[in-house]
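Below you'll find the structure, written out as structure tokens, and then a few comments.
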Amino acid sequence: MECLVISLPHLDKMPLHQVGEYLDSNVEHQVIESVNWSEEYPYKPITTFVVAVSLTRLYVFFSVISKDLRAVNKDDMSPVAQDSCVEFFMQVPGSDEYWNFEFNCIGALNASHRAERSNPTRLTPEELTSVKRYASCGDEPFEEQEGTFCWDLTVSIPLRLVGLDGNNLPECIEGNFYKCGSRTRHPHYVSWNPVVGAKPDFHRRDCFGTLWFRKPEPVMESRPALPVEKKKSLKQRLLRLLGKR
């Protein structure tokens with residue numbers, strides 16, 4: 001699969017929670033819906049993402065509607081994939097390494113870079129801090145809750161951290177996006193680009209999709225964009241379809 005990473009330099013001037021609102025309402029969402037191990041893990045939360053780039057940072061906005069919600073792990077570098085978790089893996093052209101960024105629903109981050117899965121280089125505390133996060137669930141841990149939950153997470157990754165230059169971006173990078181929760185009541189392992197394997201394994205570079213960089217399209221003066229506050233976010237549209245106002 002492939003998607004476009006739209007260039008939006010003005011995002012750097014916005015608070016991160018406003019970045020999420022802007023991306024939600026103004027940029028096309030991609031859907032994370034490949035259930036790769038359907039016999040053992042059939043559950044599929046409704047999950048989408050938006051990805052954009054500025055001159056200095058890569059932005060990802062995740063939106064989720066799920067049956068349950070778990071955020072036991074509070075600290076960075078804790079096993080956040082056990083919780084209600086979204087993930088972004090990527091590889092820059094010409095690099096032997098790939099990067100994995102894993103976030104639970106309160107923004108706790110587990111991140112590394114590596115050439116082989118068995119030999120990771122963990123991010124330092126300073127590098128972890130440079131990855132900014134805004135979680136709609138807040139930042140305090142909690143035990144698993146049952147029900148129907150709508151939550152989102154906005155993350156901002158410095159380009160220099162992953163070896164990219166905003167003034168000289170490559171034509172594309174490779175990557176994948178995931179939704180998982182290994183210790184939730186409904187364990188699941190869902191991906192944007194399909195993953196092939198006998199058991200859940202997201203560290204599969206051969207299953208990455210393509211993320212293309214491009215400049216934003218010009219806005220026609222005769223058809224100005226609607227103000228953000230007048231647009232319906234994807235979450236609002238999904239909730240309406242589910243019969244919730």
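The values are calculated or read from the model by the stated rules, or taken from the named source; none is laboratory data. This structure is a prediction, so every number in the text was calculated from the model and none was measured. Every residue, glycine as well, gets a Cβ built from its backbone with ideal geometry; the counts of neighbours run over all protein chains shown.
What to note about this one:
- Residue in segment 21-40 that is part of a strand (DSSP E or B), modelled with pLDDT of 95 or more and touching a helix residue (DSSP H, G or I) at 6+ places or on another chain (Cβ under 9 Å) present: no
- Residue within segment 140-160 that is in a loop (DSSP other than H, G, I, E, B), within 24 Å of Tyr22 (Cβ to Cβ) and not hydroxyl-bearing (Ser, Thr, Tyr) present: no
Per-residue answers, yes or no, for (1) β-branched (Val, Ile, Thr); (2) assigned to a loop (DSSP other than H, G, I, E, B); (3) crowded, with 21+ Cβ neighbours inside 10 Å; (4) out of contact with any helix residue (DSSP H, G or I) (no Cβ under 8 Å at 6 or more places or on another chain):
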site	(1), (2), (3), (4)
Tyr59	no, no, yes, no
Ile65	yes, no, no, no
Arg70	no, no, yes, no
Lys74	no, yes, no, yes
Met77	no, yes, no, no
Phe88	no, no, yes, yes
Phe101	no, no, yes, yes
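Each row is one residue, and each column tells you yes or no for (1) modelled with pLDDT of 95 or more; (2) within 13 Å of the chain's Cα centre (by Cα); (3) not hydrophobic (A, V, I, L, M, F, W, C).
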{"site": "Phe103", "(1), (2), (3)": "yes, yes, no"}
{"site": "Arg114", "(1), (2), (3)": "yes, no, yes"}
{"site": "Ser118", "(1), (2), (3)": "no, no, yes"}
{"site": "Arg122", "(1), (2), (3)": "yes, no, yes"}
{"site": "Ser130", "(1), (2), (3)": "yes, no, yes"}
{"site": "Ser136", "(1), (2), (3)": "yes, no, yes"}
{"site": "Pro141", "(1), (2), (3)": "yes, no, yes"}
{"site": "Gln145", "(1), (2), (3)": "yes, no, yes"}
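- Just so you know, in segment 10-22 the residues that are in contact with a Ser or Thr (Cβ under 8 Å, 6 or more places away or on another chain) and surrounded by 14 or more Cβ atoms within 10 Å (Cβ to Cβ) include one that is farthest from Leu169 (Cα to Cα), and it is Glu21.
- Scanning segment 176-216 for residues that are among the small types (Gly, Ala, Ser) and farther than 20 Å from Ala52 by Cβ gives Gly181, Ser182, Ser191, Gly197, Ala198.
- First in segment 183-212 and farther than 27 Å from Val5 by Cα and of a type in the set (Asp, Glu), second anywhere and surrounded by fewer than 21 Cβ atoms within 10 Å (Cβ to Cβ) and at pLDDT below 95, Cβ under 6 Å, 6 or more apart: none
- When Ile106 is tested against (1) part of a strand (DSSP E or B); (2) surrounded by 16 or more Cβ atoms within 10 Å (Cβ to Cβ); (3) not aromatic (Phe, Trp, Tyr), only condition (1) is not met.
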